[in-house]
């Protein structure tokens, strides 16, 4: 039975994540599409956490995960399969003294977005985060030698936070990579922003309330480029990105193929 240990939050946990992320990138290489630091060690506003680095990874092909099991074992991980969560591949490091958890999904899986929404919700709602941190301390005192009871006791509180996080409004943006084939070469549409320092960009726009991101990208592409009737629209990936002003954007990326268009226009 593992002990429940709670530590004061430290920026060292971010450093440990960066170090481990580099090792994981070396293992999964081109299959790796997304990698993020999640869980309490990624959220300074919580104040306290178990000293375990949680990492979520999105792979282009989840079925290929088994090909990397041996390398993960060499890195010190134990292969644990789905471990109760459908479509997940789970790895733990450190035995009874856990140091890392790695959760792997297909890139773009809804559970990756849930983890990130939860993380940014608590980073932007410090009072709720502090309550969570205090609960951790109370339960660790109550169940010092029983991690299972500790987890069960905080489950209802965490479920409530997760529901709040999913309701929290984040700015959604749809980005379009508009491509065409010219002499067997793929070309991409870009534009020079009228604000010179903004430089070269791809067209994008904000997803309206109750609008699907895929519908937003079609609307925004027509508004920003004048083009319409795209025969093929392919979802590529989505992620969470923090702007310089601290505002969180949930960004959706699409590729839109078009047969013919001009080379340049205003």
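Points worth noting:
- DSSP assigns beta bridges within the chain; of those with both partners inside it, close to 70 percent run antiparallel.
- Per residue, the convex hull spanned by the Cα atoms of the range 83-129 measures out at 111 cubic angstrom.
- The tail of the calculated P(r) for the range 171-257, taken as Cα-Cα distances beyond 14 Å, holds 66 percent of the pairs.
- Label-reachable residues, the range 108-149, where backbone N falls under 16 Å from a point 7 Å from residue 167's Cα toward its Cβ: 118, 121-122, 125, 128-129
- Cα convex hull of the range 7-167 - mean projected area over all directions, nm²: 9.0
- Highest-first packing order for the peptide set 46-59, 108-121 is 46-59, 108-121, based on the mean count of other beta carbon atoms within 10 Å.
- The share of Cα pairs per 5 Å bin across the range 101-173, counted from zero up to the longest distance, runs 3, 14, 21, 20, 20, 14, 6, 2, 1, 0 percent.
- Taking the longest Cα principal axis of the chain as reference, the axis of helix 147-167 is set at about 30 degrees.
- Relative contact order (%) - the range 171-257, alpha-carbon pairs under 8 angstrom, separation at least six: 37
- Relative compactness, the range 111-266, computed as alpha-carbon Rg over 2.2 N^0.38 Å: 1.45
- Relative contact order for the chain, counting Cα pairs under 8 Å that sit 6 or more residues apart, in percent: 16
- Separation between Cα centres of the range 24-60 and the range 83-128, rounded to whole Å: 7
- Acute angle (nearest 10 degrees) that the helix 213-225 long axis makes with the longest principal axis of the chain, alpha-carbon atoms: 40
- Cα-based helix-to-principal-axis angle, 110-124 vs the chain, degrees rounded to 10: 80
We did not get these values from a lab; they are worked out from the coordinates using the rules stated. Source: prediction; values computed, not measured. Cβ sites come from the backbone with ideal geometry, for glycine too, and all protein chains shown count toward neighbours.
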